[in-house]
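Working notes, beginning with the structure itself.
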Ligand SMILES: Nc1ncnc2c1ncn2[C@@H]1O[C@H](COP(=O)(O)OP(=O)(O)OP(=O)(O)O)[C@@H](O)[C@H]1O
Ligand SMILES: [Mg+2]
């Protein structure tokens, strides 16, 4: 195994990256069309060649090319390889395709329970009050599961919807035990769920849930696999896109054992369009991301953010990214200029490179590169011509993709959804039974009244039939519902939830 991977060449010589430090995370930044995806592909390919598995979101479909042989290489690739004197050996990399919608890859899904209240709240763009209601819903489900009741199983969106309905129909009891939720919050959440479903997110929630071991499989030939998440459609729902990747990151963090520093990472995770992750993100979420990023490296996972400007990434996260690939930035506006200055300051100085100036002058396929050396110190920034990939640049044909999908038995296990009995079925049945009981009760009352009336009119009895009100009626009145409020305890609960799992994902219950 090589100790490092070659990225390209600079006036100082070949630029490489130490595999040992590849878990210290990275950043690929640059304006559109400056060469970010090609750099990502070069890195992913080099990792796979060295036996490191990769997971990467493919925003435009062009990363799929890594699965195909790059022969014949495009003229620019041949020219670049000659220019920097690095070999260009056409080669296809082992790749597995995943797709939340199950169209361009094997379906990848998880359960609502696994997603947890915090990320679910983010997907639903929940207000504080709605987030409070969601937290309560998850708490109830949690308690049911602990009591061995399957109605606490939140597998798909139907289950969450059934639980929310239960919450509004039993607001009084729920309020006593967990804190009050307003009918407005529930109604708003129900509407948002519907919208989410209309956007196709129902594909994403359910079983069989994606197993992390898919990303950790080893191959007999010792190469790593590039797991490509087809994200062209997913990224149209930015909240779902970012919540999914956050979920995956926090799962990796929770599930993988501590391994300390290794010769190479176990997995490298490329998070493209990373600005979506942080846009409008509450401070707690940013802090959590920072924490996951900081801690996940000792589990042998490197996270690489790909975005246009380093300014898209909060400073506390940015400072964790040791391996930097900065393509050209344009500085038209004052905020662009600020981003350029910030990017420049983040590099270890090299007296031969005026970073702030050169960032704006870089050609396509060129980047300012600084990586961590064997000892973990950043190398001086170098203006680097990035090498071309050996695999195909640009999207592969759909037919090729489908052939690969058919050949991958592990991925095929996810093709068929399973719908086991969970909240939706059980609560639905119970609501039906309750409705039937109420109907029977009303019928009985009516019969008794009728009997009393006929006995009165016949003059036989003097006692009035007492109204026997159904004791099962725990429904709140409209007024009670209107005056319901989010209990002050709810915010504390949210904070506790955040502390519970690193991103609020609940404890394992597989
Ligand atoms: N290392 C390289 N050497 C030479 N040319 C390159 C290199 N990298 C990229 N290019 C050229 O630039 C084009 C665009 O590259 P790429 O798709 O990686 O840009 P991008 O920054 O990902 O763009 P976008 O922001 O639109 O996704 C490539 O098709 C290729 O022609
Ligand atoms: Mg790109």
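The values are calculated or read from the model by the stated rules, or taken from the named source; none is laboratory data. Every value quoted in this text rests on a predicted model; they were computed, and no experiment measured them. No Cβ is skipped: glycine too gets one built from the backbone with ideal geometry, and neighbour counts run over all protein chains shown.
Does residue 61 satisfy the criteria of being touching a residue at least 24 places away in the same chain (Cβ under 8 Å), within 16 Å of ligand 2 (Cβ to nearest atom) and within 24 Å of residue 247 (Cβ to Cβ)? In short, yes.
Taking (1) away from ligand 1 (no atom under 16 Å from the Cβ); (2) within 21 Å of residue 293 (Cβ to Cβ); (3) at pLDDT 95 or above; (4) touching a helix residue (DSSP H, G or I) at 6+ places or on another chain (Cβ under 9 Å) in turn, residue 116 satisfies each apart from (3).
Within the stretch 203-215, how many residues are in contact with a helix residue (DSSP H, G or I) (Cβ under 9 Å, 6 or more places away or on another chain) and buried (at least 16 other Cβ atoms within 10 Å of the Cβ)? Adding up the residues that qualify gives 7. Selection of the stretch 1-34 for residues being within 9 Å of ligand 1 (Cβ to nearest atom) and surrounded by fewer than 22 Cβ atoms within 10 Å (Cβ to Cβ) yields 31, 32, 33.
Of the helices (runs of 4 or more DSSP H) lying entirely inside the stretch 151-254, the ones with 2 or more residues being under 22 Å from residue 119 (Cβ atoms) are found at 157-169, 183-198, 213-216. Somewhere in the stretch 39-55, is a residue surrounded by fewer than 19 Cβ atoms within 10 Å (Cβ to Cβ) and near ligand 1 (Cβ under 8 Å from one of its atoms)? There is no residue in the stretch 39-55 that is surrounded by fewer than 19 Cβ atoms within 10 Å (Cβ to Cβ) and near ligand 1 (Cβ under 8 Å from one of its atoms). For the stretch 80-95, the criterion of being within 16 Å of ligand 1 (Cβ to nearest atom), in the same structural domain as residue 324 (by TED's automatic domain parsing) and under 25 Å from the mean Cα position of the chain (by Cα) is met by no residue. Suppose the filter is more than 16 Å from ligand 1 (Cβ to nearest atom) and either at pLDDT 90 or above or assigned by TED's automatic domain parsing to the domain that holds residue 26 (or both); does residue 363 pass it? Answer is no for this residue.
Evaluated against (1) farther than 18 Å from residue 372 by Cα; (2) touching a helix residue (DSSP H, G or I) at 6+ places or on another chain (Cβ under 9 Å); (3) within 16 Å of ligand 1 (Cβ to nearest atom), residue 304 falls short on exactly one condition, (1).
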